[in-house]
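J.: Next up is a structure, given as structure tokens.
The values are calculated or read from the model by the stated rules, or taken from the named source; none is laboratory data. Please read these numbers as outputs of a predicted model, since none were measured by experiment. We place every Cβ from the backbone using ideal geometry, glycine too, and count neighbours over all the protein chains shown.
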Amino acid sequence: MSRLSLKELEERIGQEIGLSPWLEMTQDRINAFAECTEDRQWIHVDEEQARKSPLRSTVAHGYLLVSLLAHFNLQNEIFQQKFRMAINYGLDRVRFLHPVRPGDRIRSRSLLKRVEKRGLRKVLIAVENTLEVEGADKPALIAEALALIYL
């Protein structure tokens, strides 16, 4: 494993840095997220009522999908390199484009959008994540995740 450098990061701007394995969304995961966040809206947890909705199924919370970005991004090649530490710095531009239902398989395709030097040994990176749904014509979400990396 090599040590991550600013130069290497800058050379990767505009390039894909990760394509995660597929992850199956389950009703158990949706229910656990609902309990953890106190968001028990029926479209997420009431399977019978949700079947009667225009979506015909329960769907994952948008914020559940956003929270999975940390899992997906840790699999990106940048986060497989050596550095002192990386911290979540926030999100820019999040859009929910397609529902994710129990049984759907999702993965993240990641692109390095920006690299900004923030002091002597700190770099802010922006990673555009496109959360794909297997077999769907639209992604579930597109979000730009920000991470502050201490080199």
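J.: Can you confirm whether segment 80-90 contains a residue that is out of contact with any Phe, Trp or Tyr (no Cβ under 8 Å at 6 or more places or on another chain) and assigned to a helix (DSSP H, G or I)?
T.: Yes, that holds for at least one residue.
J.: In this structure, does residue 64 turn out to be at pLDDT below 95 and either assigned to a helix (DSSP H, G or I) or more than 19 Å from the chain's Cα centre (by Cα) (or both)?
T.: No, not satisfied.
J.: Looking at (1) in contact with a strand residue (DSSP E or B) (Cβ under 6 Å, 6 or more places away or on another chain); (2) in a loop (DSSP other than H, G, I, E, B), which is the one condition that is false for residue 17?
T.: Only one criterion in (1) in contact with a strand residue (DSSP E or B) (Cβ under 6 Å, 6 or more places away or on another chain); (2) in a loop (DSSP other than H, G, I, E, B) is unmet by residue 17, namely (2).
J.: When the residues of segment 118-139 are filtered to those that are surrounded by 13 or more Cβ atoms within 10 Å (Cβ to Cβ) and touching a Phe, Trp or Tyr at 6+ places or on another chain (Cβ under 7 Å), which remaining residue is farthest from residue 103 (Cα to Cα)?
T.: Among those that are surrounded by 13 or more Cβ atoms within 10 Å (Cβ to Cβ) and touching a Phe, Trp or Tyr at 6+ places or on another chain (Cβ under 7 Å), it is 122.
J.: Out of the residues in segment 9-38 that are free of Cβ contacts under 8 Å to residues at least 24 places away in the same chain and exposed (fewer than 14 other Cβ atoms within 10 Å of the Cβ), state the one that is nearest to residue 127 (Cα to Cα).
T.: So, considering only residues that are free of Cβ contacts under 8 Å to residues at least 24 places away in the same chain and exposed (fewer than 14 other Cβ atoms within 10 Å of the Cβ), the one nearest to residue 127 (Cα to Cα) is 11.
J.: Exactly one of these conditions fails for residue 115: (1) in contact (Cβ under 8 Å) with a residue 24 or more places away in the chain; (2) assigned to a loop (DSSP other than H, G, I, E, B). Give me its number.
T.: Residue 115 satisfies all of (1) in contact (Cβ under 8 Å) with a residue 24 or more places away in the chain; (2) assigned to a loop (DSSP other than H, G, I, E, B) except (2).
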